[in-house]
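In what follows, a single structure is set out as structure tokens and then discussed.
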Amino acid sequence: MLETAFFNLFAGLSIFAGLGVVLSRNTMHAVMFLIFCFFNAAGLFFLLDAEFLGIILILIYVGAVMVLFMFAIMMLEVNVSKMRDNFLQYLPLGGMIAVILMIEFVAASTTGVFTEGAKATAEHLAMDVNNTKEIGQVLYTKYLLGFEIAAIILLVALVGAIVLTIRGRKDAKYQNISKQVNVRREDRVRKVSM
Amino acid sequence: MANVTFPFPFPDHLITLLPEMIVAVLAMTLLLVDLFISKENKVWTAYMAVITIVVAAIATIQLYPAGSIEAFYGFFVFDPFAAFSKLLLFAATAISILISIDYMKDENHVGEYYVLMLFAMLGMMLMISATNFIILYLGMELMALCTYVLVGYQREVLRSNEAALKYFILGALSSGMLLYGITFLYGVSGSFDYSEVGAALHATGNSSDPAVLLGLVFLLAGLAFKVSMAPFHMWTPDAYEGAPTPITAFMSVAPKVAGFVVIVRVAVDVLPAMQTEYMTILTGMAILTMAIGNLAAIAQRNIKRMLAYSTVGHVGFVVLGVIAGNADGYAGILVYLSIYMVMTLGIFAIIILMRREGIQGELLDDFAGLSKVRPGYALAMGLFLFSLGGIPFLAGFWAKYAVFIAAIEAGHVYLVLYALLFSAVGAFYYIRVVKYIYFDEARVTFEFTESRVMQATVVITAVAIVALGLYPDPLMDACKAAVVGLI
């Protein structure tokens, strides 16, 4: 009973937040609504006993991806009114995707996969299992090699991004810190006799 | 502390990963050490990278396995096939680094360039040894990420940026296709392991299942992109032309070795139950690849673009080895790739030597009259071109011989006749360059970079081409020994 109430709360709030993302005029407000939506989705994961996914959703999507979104929006200076002019241009494609998604949802829910019996078995399948611990045990034993390669890929991504963007321009006005630290009074101040 | 029992025992045969560990650790160390090397001494970074490769090669030779050894719960395999391909990879990377030294000496931040080459090599080593789609994908991404950066390394050169962007977008698309294919196979079999997927496909026996076919098609498309098989070759000419020339040399050799090893492993372990289907797809792609590669190369005026299309053409011939599907075919692939590596690296070394005062001698016209100015280089260039064209008693002839004979053994006579036709077309545009070199008047003044390392590379590769042409048996035997136990 309590669970159903929480489900309705989280699901309702995430729909509200989703509407907010689409309808708010200010891009920054849309991002905030998206973050709120993610928090509610994480709540739904918790209700499904998938606490690891819930935590990861908050840590990665809210903590990293959305912060990046905000920086991008603040730097790009998106002009909302201009984007609204192109609304009709994108309508056919967007509408088509929406219709296809709708058909898929309806088709999936009528296949019989979501019968009452199936839902009963799926319910609390992971109740006695500590997701985080189980994933950790498999990730750091069986999939250790893949984990290590992923770490090296991240290192390469870091190095590559820096190599491609570092500006070693010769006419740039650099701060020479050691010179600044080692400066003496005689270098800066000159006593003039009036 | 709670007594934790791990679901898996400590991995066996960790020692077989020693070459990978050496490359990973030394590359990371080099990344740090490079910070303390002044710009004038950056050449030492290159030498240390080469030393890293030599150490890894020694480790590989020391561990050279008699049979197949599995490590990491069957995620990683070390067999003679992997060991031989890794040695090829080491040679290709080491030579590419050596021919980079002079070319890259004016660039800023050149240290990371060599480190990224090492990481790209590490990715390819993992691809070669992967027996699991996860490791395959991760290795491939590691390789691809490094090559995207390396292609765009010369940021001031507009062409280099354009090439990197094109390569990156198409490369990401191909990774997506590969992943999509893998997901379908996972959905059908419930496993990422090559042999388990193979067993599941065999057990269902229902190879006309659309999910399986879709998975197969996307998997082959993703792999075909990496070895630039038509119709997934579009990125090749642009990326090759824009990339720094040593990287073009590296890219036209090393990823092809890794890619073909993966294709062979997938063909042997995953797809035996679907032989007719994948053979049909590969035959179609081979026919297209040979035609496009060899015909489009005729129209090129830029030698890097010409060699890019020539790579596509050669890839078409190598695929014949996979289509043959027997031990001789797989050995033929290794023979072809070894010899192709020597020829290509030699020819690129000469192209790099022709760089003068910021202008890269890379138009075909730039080679006119070379024989009168530098007869030595002209002779080497002639040998490489004749060898690429497959003129008998140079190494390139034996490369083609090895795969063609294997394909005939497997009964693909018409396909081999078709390949012979396009091999003749290929000989035309190679020999046309020889005509420029020997029979035309010089149109530009030659200025060659004087570099002992590069000259040594040219001499060694040229001698190797002649020696292998006259006496190919040791290489052929080594490749035959490498594929024992693969099937």
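The values are calculated or read from the model by the stated rules, or taken from the named source; none is laboratory data. Quantities reported herein were computed from a predicted structural model and do not represent experimental measurements. As a convention, Cβ positions derive from the backbone with ideal geometry for all residues, glycine included, and neighbour counts pool all protein chains shown.
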Sole exception among (1) modelled with pLDDT of 90 or more; (2) within 12 Å of chain A (Cβ to nearest Cβ); (3) closer than 20 Å to B:V268 by Cβ for B:E112, by number: (3)
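I'm trying to understand the selection: among the residues of segment A:137-146, which are part of a helix (DSSP H, G or I) and either surrounded by 13 or more Cβ atoms within 10 Å (Cβ to Cβ) or facing chain B (nearest Cβ under 7 Å) (or both)? Spell out how you get there, then give the answer.
The initial filter retains those residues of segment A:137-146 that are part of a helix (DSSP H, G or I), namely A:137-139, A:144-146.
Result: A:Q137, A:V138, A:L144, A:L145, A:G146.
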Index of the failed condition, B:G74 passing every other in (1) buried (at least 24 other Cβ atoms within 10 Å of the Cβ); (2) within 13 Å of chain A (Cβ to nearest Cβ): (1)
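Only one residue in B:F367, B:F348, B:F397, B:F393 is among the aromatic types (F, W, Y), over 18 Å from the mean Cα position of the chain (by Cα) and over 18 Å from B:G469 (Cβ atoms). Which one?
Details: B:F348 fails: over 18 Å from the mean Cα position of the chain (by Cα); B:F397 fails: over 18 Å from B:G469 (Cβ atoms); B:F393 fails: over 18 Å from B:G469 (Cβ atoms).
It is B:F367.
This table checks each residue for (1) touching a Leu at 6+ places or on another chain (Cβ under 8 Å); (2) of a type outside the set (S, T, N, Q); (3) at pLDDT 75 or above; (4) more than 30 Å from B:F10 (Cα to Cα).
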| residue | (1), (2), (3), (4) |
| --- | --- |
| A:D85 | no, yes, no, yes |
| A:L91 | no, yes, yes, yes |
| A:G117 | no, yes, no, yes |
| A:N131 | yes, no, yes, no |
| A:I135 | no, yes, yes, no |
| A:A161 | no, yes, yes, yes |
| A:R167 | no, yes, no, yes |
| A:D171 | no, yes, no, yes |
| A:R190 | no, yes, yes, yes |
Residue check, B:A419 small (G, A, S), free of Cβ contacts under 8 Å to residues at least 12 places away in the same chain, out of contact with any Ser or Thr (no Cβ under 6 Å at 6 or more places or on another chain) and assigned to a helix (DSSP H, G or I): no
Positions within segment B:117-147 being at the interface with chain A (Cβ under 7 Å from one of its Cβ atoms) and within 23 Å of B:K166 (Cα to Cα), in sequence order: B:F119, B:L138, B:G139, B:E141, B:L142, B:L145, B:C146
Breaking point among (1) assigned to a helix (DSSP H, G or I); (2) without any contact (Cβ under 8 Å) to a residue 60 or more places away in the chain, for B:V433: (2)
The lone exception for B:A57 - which of (1) at pLDDT below 95; (2) away from chain A (no Cβ under 12 Å); (3) assigned to a helix (DSSP H, G or I) it fails: (1)
Any hit, segment B:172-181, residues being more than 13 Å from chain A (Cβ to nearest Cβ), of a type in the set (S, T, N, Q) and within 20 Å of B:V261 (Cβ to Cβ): yes
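Is there a residue in segment B:8-17 that is of a type in the set (A, V, I, L, M, F, W, C), surrounded by 12 or more Cβ atoms within 10 Å (Cβ to Cβ), in contact with a Ser or Thr (Cβ under 9 Å, 6 or more places away or on another chain) and more than 10 Å from chain A (Cβ to nearest Cβ)? Break it down into steps so the answer makes sense when it comes.
Quick first cut of segment B:8-17, residues of a type in the set (A, V, I, L, M, F, W, C) only: B:8, B:10, B:14-15, B:17.
Adding the requirement that they be surrounded by 12 or more Cβ atoms within 10 Å (Cβ to Cβ) leaves B:8, B:14-15, B:17.
Applying the additional criterion that residues be in contact with a Ser or Thr (Cβ under 9 Å, 6 or more places away or on another chain) yields B:8, B:17.
So of that shortlist, the ones also more than 10 Å from chain A (Cβ to nearest Cβ) come out as none.
Within segment B:8-17 (the criterion being of a type in the set (A, V, I, L, M, F, W, C), surrounded by 12 or more Cβ atoms within 10 Å (Cβ to Cβ), in contact with a Ser or Thr (Cβ under 9 Å, 6 or more places away or on another chain) and more than 10 Å from chain A (Cβ to nearest Cβ)), the answer is no, since none of the residues qualifies.
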